[in-house]
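S.K.: Encoded as structure tokens, here's the structure I'll be asking about.
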Amino acid sequence: MSDSAQESYDVVVAGGGIVGAACALACTQAGLRVALVEREILGGGATAAGMGHIVVMDDSEAQFSLTRRSQQLWQALSPSLPPNAEYENRGTIWVAADDNELAEAARKHAFLDARGVPSRLLSSRELAALEPNLRPGLAGGLLAIDDAVVYPPAVALHLARQAQSLGATLLVGHSVTHLADGEARLDGGTVLRAPRLVNATGADASFCSPDLPVKKRKGHLAITDRYPGFVHHQLVELGYLKSAHSLTTDSVAFNVQPRKTGQVLIGSSRQYGNEEATVDQAMLSAMLQRAALYMPAIASLNVLRVWTGFRAATPDKLPLIGPVPGDPTLWLATGHEGLGITTALATAELIAGLLTGSEPAFAPEPYRPDRFSPAFAQKTAPQEQL
Ligand SMILES: Cc1cc2nc3c(=O)[nH]c(=O)nc-3n(C[C@H](O)[C@H](O)[C@H](O)COP(=O)(O)OP(=O)(O)OC[C@H]3O[C@@H](n4cnc5c(N)ncnc54)[C@H](O)[C@@H]3O)c2cc1C
């Protein structure tokens, strides 16, 4: 497309991470004419930095609905994913270090069981048999059977290409400089017009909505050389929930993932107020020490690469999915914090469904952006379907 050209679509999606790519595909499949604009590379951003753990969470009913629905969509999608998506149904073991955490595992088990999600409580002995590299003497755990692992950037690229093959326009290497009032302006002067604009620019989403309640939450990950069989499930300490919930302090938690390549992916850290992409040595070393506390032999593995990324965090730990108060053309699909890989597919299903008037699989209200501002809510115009 030449500079200063003008094109019309039904929907323009800004941001080609996993959320934007999934939204572009779902909208295209729903029969809408879609343009997807990405300033760098498809599947870059937080999507390339993320761990790729597809996990059902139970902090709230709303979080459960979104993660569970999305997990089911991942299960349905998985047979058609390319091999480089590395989708594997590994299951998560929530590791309980002591009796208090074992009680939390039992609570989680009851919650999942009541909602038809398969999980199994593990005794100390069963845990040791499933994961021999864990330190001896842990209290037990909970195996969440349906959880999976994926390589997110490959999936984002796949979803975007699928959308393209169904007729969507991909504009890669273009930055959206203005997104409002039915108009997406790109650097270079191109203007894309659409009755719906979807801001899926992740942690950068406030570029066109300055009051957005989204903060960058930095994370570190490390990946090792190949050690096939070192770990079999995604392992997460139950104490992770405490650290992930803290809205103020920096934290690390034991969170280890087996990759299809035999590599071991080691996480994770959470930091606010540090928007430098550089590796924070103190945070990295705390994270690796935490991992070695649970899996002592991890200290002897060769780490090949360490990196950081930024989660888009909201105050209530739920994403922003829906119209922006005050501009009925502008929609958000951001704020997924540490669950955007898991929830990308259900987010996209919700966006496409709301835009075309189909019945949502779960209630969309908890994710509406206007929950953060009654004043905004008053300004919101009624939504028309496309
Ligand atoms: C360390 C770490 C571990 C994680 N682990 C997991 C996990 O195990 N499971 C899980 O579910 N989630 C995990 N996450 C969270 C997950 O990675 C994110 O929630 C998810 O990738 C968000 O996807 P996105 O498409 O919204 O954002 P991004 O992937 O950041 O994509 C946004 C895109 O928008 C583009 N963009 C920005 N501004 C513009 C503009 N003006 N114009 C055009 N394009 C623009 C960017 O270049 C980028 O490609 C993790 C995150 C981190 C940091």
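S.K.: Can you name the condition, by its number, that Y294 falls short on among (1) at pLDDT 95 or above; (2) within 14 Å of the ligand (Cβ to nearest atom); (3) under 22 Å from Y227 (Cβ atoms); (4) surrounded by 20 or more Cβ atoms within 10 Å (Cβ to Cβ)?
M.R.: All conditions pass for Y294, except number (2).
S.K.: Which one is farthest from the chain's Cα centre (by Cα), of the residues in the range 298-312 that are surrounded by 14 or more Cβ atoms within 10 Å (Cβ to Cβ) and outside any loop (DSSP other than H, G, I, E, B)? Step through it out loud before you land on a result.
M.R.: Step one: list which residues in the range 298-312 are surrounded by 14 or more Cβ atoms within 10 Å (Cβ to Cβ), which gives 298, 301, 303, 306, 308-312.
Still in the list and also outside any loop (DSSP other than H, G, I, E, B): 298, 303, 306, 308-312.
Working: I298: 26, V303: 24, V306: 19, T308: 15, G309: 12, F310: 11, R311: 8, A312: 9 Å.
Checking each candidate, the answer is I298.
S.K.: Would you call V231 crowded, with 20+ Cβ neighbours inside 10 Å, on the phi < 0 side of the Ramachandran plot and in contact with a Pro (Cβ under 9 Å, 6 or more places away or on another chain)? Explain how you work it out, then say what you get.
M.R.: Values: crowded, with 20+ Cβ neighbours inside 10 Å: yes; on the phi < 0 side of the Ramachandran plot: yes; in contact with a Pro (Cβ under 9 Å, 6 or more places away or on another chain): yes.
Against the criterion (crowded, with 20+ Cβ neighbours inside 10 Å, on the phi < 0 side of the Ramachandran plot and in contact with a Pro (Cβ under 9 Å, 6 or more places away or on another chain)), V231 qualifies.
S.K.: Taking the range 271-287 on its own, how many of its residues are closer than 19 Å to T249 by Cβ and either among the acidic types (D, E) or within 14 Å of the ligand (Cβ to nearest atom) (or both)?
M.R.: Number of matching residues: 9.
Residues are listed down the side, and each one gets a yes or a no for (1) over 29 Å from T92 (Cα atoms); (2) touching a residue at least 12 places away in the same chain (Cβ under 8 Å); (3) within 10 Å of the ligand (Cβ to nearest atom):
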| site | (1), (2), (3) |
| --- | --- |
| S165 | yes, no, no |
| L170 | yes, yes, no |
| A180 | yes, yes, no |
| D187 | yes, yes, yes |
| V191 | yes, yes, no |
| N199 | yes, yes, yes |
| P213 | yes, yes, no |
| G219 | no, yes, yes |
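S.K.: Could you give every pair whose Cβ atoms fall below 7 Å, whose first residue belongs to the range 258-286 and is on the phi > 0 side of the Ramachandran plot, and whose second residue is modelled with pLDDT of 95 or more, counting only separations of at least 6 or pairs across chains?
M.R.: G262/R226; G262/Y227; G262/P228
So that you can scan it fast, the table gives a plain yes or no per residue for (1) modelled with pLDDT of 95 or more; (2) more than 14 Å from the ligand (Cβ to nearest atom); (3) in contact with a Pro (Cβ under 6 Å, 6 or more places away or on another chain); (4) closer than 29 Å to L179 by Cα:
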| position | (1), (2), (3), (4) |
| --- | --- |
| G43 | yes, no, yes, yes |
| I54 | yes, no, no, no |
| R69 | yes, no, no, no |
| N89 | yes, yes, no, no |
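The rows are residues; the columns are (1) over 24 Å from A128 (Cα atoms); (2) touching a residue at least 40 places away in the same chain (Cβ under 8 Å); (3) among the hydroxyl-bearing types (S, T, Y).
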site: A21; (1), (2), (3): yes, yes, no
site: T28; (1), (2), (3): yes, yes, yes
site: S65; (1), (2), (3): yes, yes, yes
site: S70; (1), (2), (3): yes, yes, yes
site: N89; (1), (2), (3): no, yes, no
site: E101; (1), (2), (3): no, yes, no
site: H109; (1), (2), (3): no, no, no
site: L112; (1), (2), (3): no, yes, no
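S.K.: Determine whether L159 is in contact with an Asp or Glu (Cβ under 7 Å, 6 or more places away or on another chain), more than 10 Å from the ligand (Cβ to nearest atom), open to solvent by less than 30 Å² (accessible area, probe 1.4 Å) and outside any loop (DSSP other than H, G, I, E, B).
M.R.: Against the criterion (in contact with an Asp or Glu (Cβ under 7 Å, 6 or more places away or on another chain), more than 10 Å from the ligand (Cβ to nearest atom), open to solvent by less than 30 Å² (accessible area, probe 1.4 Å) and outside any loop (DSSP other than H, G, I, E, B)), L159 does not qualify.
S.K.: Report whether or not A346 is of a type in the set (A, V, I, L, M) and within 10 Å of the ligand (Cβ to nearest atom). Spell out the reasoning first.
M.R.: Values: of a type in the set (A, V, I, L, M): yes; within 10 Å of the ligand (Cβ to nearest atom): no.
So A346 does not fit the description; no.
S.K.: Out of all the residues in the range 317-337, which are open to solvent by 40 Å² or more (accessible area, probe 1.4 Å) and either under 21 Å from Q71 (Cα atoms) or of a type in the set (A, V, I, L, M, F, W, C) (or both)?
M.R.: The one that is open to solvent by 40 Å² or more (accessible area, probe 1.4 Å) and either under 21 Å from Q71 (Cα atoms) or of a type in the set (A, V, I, L, M, F, W, C) (or both): K317.
S.K.: Still on this structure, I have one more. In this structure, does A184 turn out to be more than 24 Å from A313 (Cα to Cα) and buried (at least 19 other Cβ atoms within 10 Å of the Cβ)?
M.R.: Answer is yes for this residue.
S.K.: Can you report the number of residues in the range 201-211 which are open to solvent by less than 20 Å² (accessible area, probe 1.4 Å) and either of a type in the set (S, T, Y) or more than 15 Å from the ligand (Cβ to nearest atom) (or both)?
M.R.: The number of residues fulfilling the criteria is 1.
S.K.: From the list P325, P315, exactly one residue is away from the ligand (no atom under 15 Å from the Cβ), modelled with pLDDT under 95, over 20 Å from the mean Cα position of the chain (by Cα) and within 30 Å of A22 (Cα to Cα). Which is it? Explain how you work it out, then say what you get.
M.R.: Numbers: P315 fails: over 20 Å from the mean Cα position of the chain (by Cα).
After ruling out the rest, the residue left standing is P325.
S.K.: (1) over 23 Å from I321 (Cα atoms); (2) β-branched (V, I, T); (3) open to solvent by 40 Å² or more (accessible area, probe 1.4 Å): which one isn't true of V191, the others all being true?
M.R.: Status for V191: all satisfied but (3).
S.K.: Which of the residues that make up the range 122-140 are surrounded by fewer than 19 Cβ atoms within 10 Å (Cβ to Cβ) and over 18 Å from H232 (Cβ atoms)?
M.R.: If the condition is that a residue be surrounded by fewer than 19 Cβ atoms within 10 Å (Cβ to Cβ) and over 18 Å from H232 (Cβ atoms), then G137 is the only one that fits.
The values are calculated or read from the model by the stated rules, or taken from the named source; none is laboratory data. A quick note: this is a predicted structure, and the numbers were derived from the prediction, not measured. Cβ sites come from the backbone with ideal geometry, for glycine too, and all protein chains shown count toward neighbours. In case anyone asks, the SASA skips ligands and DNA or RNA and just uses the protein heavy atoms, side chains included. Shrake-Rupley method; radii C 1.70, N 1.55, O 1.52, S 1.80 Å.
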